[in-house]
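**Q** Let me give you the structure first, and then I'll get to my questions.
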Amino acid sequence: KGGGIRLLDVGCGSGAVLGALARDPQLVGQVSQLTAVDFSADMVRVAQQNYDQLRHEGAGGQLEARIQEMDGQSLGFAAHSFDAAIAMFSVMFFPDRAAGLRGMCRVL
């Protein structure tokens, strides 16, 4: 596991969770891998721009975020790829919430 938390943000939207993490030095030190996904290509672009701006301002230390377009209900990651998942504002929009939650559990 590389000594740190592998964190997945499902339905990252504009990157609010990424921003909160990047601004918290204690959390940055505990996370070794940060992956954020969103169904919307536009939101992925916005999240990447927002995270890049935070990095430019000096937030986030050495932590790089991988932000990509992906359906939160059918995550394209191998089982056990992450230690924790956050889905702040996404599960309520899944047409099949149970399937989405099962998929999130699968990658943990």
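Just so it is clear, none of the values below were taken in a lab; they were calculated from the coordinates. No experiment lies behind these values; they were computed from the predicted model shown. Here Cβ is always computed from backbone atoms with ideal geometry, including for glycine, and neighbour counts include all displayed protein chains.
**Q** Which one is farthest from the chain's Cα centre (by Cα), of the residues in segment 1-41 that are buried (at least 19 other Cβ atoms within 10 Å of the Cβ) and of a type in the set (Val, Ile, Thr)?
**A** Filtering first and then ranking leaves Val31.
**Q** Assess whether Val44 counts as being buried (at least 20 other Cβ atoms within 10 Å of the Cβ), of a type outside the set (D, E, K, R) and assigned to a helix (DSSP H, G or I). Walk me through it before giving the result.
**A** Numbers: buried (at least 20 other Cβ atoms within 10 Å of the Cβ): yes; of a type outside the set (D, E, K, R): yes; assigned to a helix (DSSP H, G or I): yes.
Considered against the rule, which asks whether it is buried (at least 20 other Cβ atoms within 10 Å of the Cβ), of a type outside the set (D, E, K, R) and assigned to a helix (DSSP H, G or I), Val44 comes out as yes.
**Q** Can you pull out every residue in segment 62-88 that is surrounded by fewer than 13 Cβ atoms within 10 Å (Cβ to Cβ) and assigned to a loop (DSSP other than H, G, I, E, B)? Please lay out each step first, then the result.
**A** Going through segment 62-88, the residues surrounded by fewer than 13 Cβ atoms within 10 Å (Cβ to Cβ) turn out to be 62, 64, 66, 74, 76, 78-80, 84.
Passing the criteria: Gln62, Glu64, Ser74, Gly76, Ala78, Ala79, His80.
**Q** In segment 66-82, what residues are of a type outside the set (Ser, Thr, Tyr) and closer than 14 Å to Val10 by Cβ? Quick ask: steps written out before the conclusion?
**A** As a first pass, look at segment 66-82 and keep what is of a type outside the set (Ser, Thr, Tyr): 66-73, 75-80, 82.
Answer for segment 66-82, where residues must be of a type outside the set (Ser, Thr, Tyr) and closer than 14 Å to Val10 by Cβ: Arg66, Ile67, Gln68, Glu69, Met70, Asp71, Gly72, Gln73, Leu75, Gly76, Phe77, Phe82.
**Q** While we're here: Got at least one residue in segment 51-58 being assigned to a helix (DSSP H, G or I), of a type outside the set (A, V, I, L, M, F, W, C), in contact (Cβ under 8 Å) with a residue 12 or more places away in the chain and surrounded by 19 or more Cβ atoms within 10 Å (Cβ to Cβ)? So that I can check it myself, show each step before the final result.
**A** Taking segment 51-58 first, the residues assigned to a helix (DSSP H, G or I) are 51-56.
Adding the requirement that they be of a type outside the set (A, V, I, L, M, F, W, C) leaves 51-53, 55-56.
Adding the requirement that they be in contact (Cβ under 8 Å) with a residue 12 or more places away in the chain leaves 51, 55.
Okay, now just the ones that are also surrounded by 19 or more Cβ atoms within 10 Å (Cβ to Cβ), so 51.
The answer is yes, given that some residue of segment 51-58 is assigned to a helix (DSSP H, G or I), of a type outside the set (A, V, I, L, M, F, W, C), in contact (Cβ under 8 Å) with a residue 12 or more places away in the chain and surrounded by 19 or more Cβ atoms within 10 Å (Cβ to Cβ).
**Q** Next question, about the same structure. Take segment 89-108 and flag every residue that is in contact (Cβ under 8 Å) with a residue 60 or more places away in the chain, surrounded by fewer than 17 Cβ atoms within 10 Å (Cβ to Cβ) and part of a helix (DSSP H, G or I).
**A** Once the filter is applied, which keeps residues that are in contact (Cβ under 8 Å) with a residue 60 or more places away in the chain, surrounded by fewer than 17 Cβ atoms within 10 Å (Cβ to Cβ) and part of a helix (DSSP H, G or I), segment 89-108 yields Val91, Phe93.
**Q** Follow-up. Within segment 26-36, identify whether any single residue is free of Cβ contacts under 8 Å to residues at least 24 places away in the same chain and closer than 20 Å to Arg6 by Cα, and answer yes or no.
**A** Our first condition is that a residue be free of Cβ contacts under 8 Å to residues at least 24 places away in the same chain; within segment 26-36, this holds for 26-27.
If we keep only those that are closer than 20 Å to Arg6 by Cα too, we end up with 26-27.
Yes: one or more hits.
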